[in-house]
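Read through the structure below, which is laid out as structure tokens, and then see the notes.
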Amino acid sequence: MGAFMRGFWHPIARSHRVEKGKSYGVTFFGEEFNLYRGESGQPYLTVGRCPHRGTVLHTGWVEGEAIRCIYHGWKYDQDGKCVERPAEPEEAPPEDICIKTYPARDYSGLIFAYMGDDEAPEFDLPRKDALEEEDRIVHVTEEDWPCNWLQSVENSLDPAHVSFVHQKGRVGTFGATVTTDMPKLECYETDAGIRLVAIRGPDNIRATDWTFPNNNHILQPTMGPEDPWMNLLLWQVPVSDTVTKRLMIYSRPRISAEEDEKFLSYCKEKAEDYSSMALHRELFEEQKFPDDTFMQLLSAQDYLAQVGQGPIADRSNEYLATSDAGVVFLRRILWRELCAFRDGKPTKQWKRLDEAADLPMQGPMAAQA
């Protein structure tokens, strides 16, 4: 699974948290990496350790676009070639001393990287038209959850859970869209992944555009009933078999300087450093939820349901039902692709949709859209 997943671009960090001239240790797919931003502003991703004596590279320092190891000063340029060994007598290091580097780039507030062994595909599949429109404001969040990435992905294609998991704290515009009506589900495979539509009547339609292998895209209310709905994009990236990094983009049209600042201030206060994992004991032992009834509460509710399945959900004892149609649809596609990958056969060449799908609003406001 790990080798298969590495064949895609994944977000690995929030752009504003990776400063120029600084390096950071990150872990994905159970492997350590070194993430740094050169003085030009370009992000770089390399293997996590120096080949000299195995010291972690992120404790070193950035020089221009290069990284220098803290232990003996070995310096590697942006392509991974060793260009200096200060403690050695030769004028230039041997040509075969190098570290593996991986393509990395900024996009819409996140740093994306390709961690596969083959040549990186064009950076196209993660792109969204909704993120590239003019006059939009964007906020990004990041959380680590102690569970396998796939159970988080499956939750994205399980619209029935909304009627139960998110019942508590039904306030505001989002609360008005949460009903106990069970949806009729329609699933379609697209060029990019899965289009799932949950219909709870003509005025309550929830659509999901899910991009293979781990991105969910929906429309969601903002804070006030008059505010424009926002695009919510969530990536669930494996840190290890039992830890998932969730990176989210909230994007909505600009309204006015005052309203935009109000929204961004709220996001920074309530979501910038929020972590449901930090509230693990309160959630599981006391069922004590955050006071914030929007971003924090929604995260805590999903955390309780998904982490409650265990570090890796035991699917051998499941009793699947009709409400799991989206989950079953996903599993069949994933199994098809994994089998082809295992057998050395061609896998589907996923690509960004030529036209952005029309994501209808969910709830009573849908009739006014």
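The values are calculated or read from the model by the stated rules, or taken from the named source; none is laboratory data. Here the structure is a predicted model, which means the values were calculated and not measured. For neighbour counting, all protein chains shown are included, and Cβ atoms are generated from backbone atoms with ideal geometry for every residue, glycine included.
See the values below:
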| quantity | calculated |
| --- | --- |
| Answer from 260, 291, 273 - the residue that is part of a helix (DSSP H, G or I) and either outside the structural domain of residue 347 (by TED's automatic domain parsing) or among the acidic types (Asp, Glu) (or both) | 260 |
| Strands (runs of 3 or more DSSP E) wholly inside the range 58-97 containing at least 2 residues that are farther than 20 Å from residue 18 by Cα | 82-84 |
| Any hit, the range 4-12, residues being assigned to a strand (DSSP E or B), of a type in the set (Gly, Ala, Ser), within 23 Å of residue 237 (Cβ to Cβ) and at pLDDT 95 or above | no |
| Of all residues in the range 254-280 being within 24 Å of residue 152 (Cα to Cα) and among the aliphatic types (A, V, I, L, M), the one that is modelled with the lowest pLDDT | 271 |
| Looking only at the range 213-251, and only at residues there that are more than 20 Å from residue 132 (Cα to Cα) and among the hydrophobic types (A, V, I, L, M, F, W, C), the one that is nearest to the chain's Cα centre (by Cα) | 237 |
| Residue list for the range 98-122, restricted to those being under 16 Å from residue 10 (Cβ atoms) and part of a loop (DSSP other than H, G, I, E, B) | 103, 108, 109, 115, 116, 117, 118, 120, 121, 122 |
| Residue ID - surrounded by the fewest Cβ atoms within 10 Å (Cβ to Cβ), chosen from residues in the range 28-40 that are in contact with a Lys or Arg (Cβ under 9 Å, 6 or more places away or on another chain) and in contact (Cβ under 8 Å) with a residue 60 or more places away in the chain | 29 |
| Top-ranked residue in the range 289-316 [being loosely packed, with under 12 Cβ neighbours inside 10 Å and modelled with pLDDT of 90 or more; ranked as farthest from residue 155 (Cα to Cα)] | 316 |
| Given (1) modelled with pLDDT of 90 or more; (2) over 19 Å from residue 167 (Cβ atoms); (3) in contact with a Phe, Trp or Tyr (Cβ under 8 Å, 6 or more places away or on another chain), index of the condition residue 344 fails | (3) |
| Criterion: more than 30 Å from residue 341 (Cα to Cα) and surrounded by 20 or more Cβ atoms within 10 Å (Cβ to Cβ) - qualifying residue of 62, 83, 140 | 140 |
| Sole exception among (1) free of Cβ contacts under 8 Å to residues at least 24 places away in the same chain; (2) buried (at least 17 other Cβ atoms within 10 Å of the Cβ) for residue 54, by number | (2) |
| Tally, over the range 302-316, of residues that are without any contact (Cβ under 8 Å) to a residue 40 or more places away in the chain and not hydroxyl-bearing (Ser, Thr, Tyr) | 3 |
| Of all residues in the range 176-190 being out of contact with any His (no Cβ under 6 Å at 6 or more places or on another chain) and of a type in the set (Val, Ile, Thr), the one that is modelled with the lowest pLDDT | 177 |
| Among the residues listed as 154, 143, the single one being assigned to a strand (DSSP E or B), assigned by TED's automatic domain parsing to the domain that holds residue 327 and either β-branched (Val, Ile, Thr) or in contact (Cβ under 8 Å) with a residue 24 or more places away in the chain (or both) | 143 |
| Test for residue 269: is it more than 26 Å from residue 16 (Cα to Cα) and more than 18 Å from the chain's Cα centre (by Cα) | no |
| Subset tally (residues that are surrounded by fewer than 18 Cβ atoms within 10 Å (Cβ to Cβ) and closer than 23 Å to residue 213 by Cα) for the range 16-27 | 1 |
| Any pair with Cβ under 9 angstrom, 6 or more apart, that starts in the range 209-221 at a residue that is not assigned by TED's automatic domain parsing to the domain that holds residue 152 and ends at one that is buried (at least 23 other Cβ atoms within 10 Å of the Cβ) and hydroxyl-bearing (Ser, Thr, Tyr) | none |
| Filtered residues of the range 202-253 (kept if modelled with pLDDT under 90 and in a loop (DSSP other than H, G, I, E, B)) | 202, 203, 204, 221, 222, 223, 224, 225, 226, 227, 228, 229 |
| Sole residue being β-branched (Val, Ile, Thr) and assigned by TED's automatic domain parsing to the domain that holds residue 217, chosen from 137, 70 | 137 |
| Members of the range 40-57 found to be over 23 Å from the mean Cα position of the chain (by Cα), over 21 Å from residue 96 (Cβ atoms) and part of a loop (DSSP other than H, G, I, E, B), listed by number | 40 |
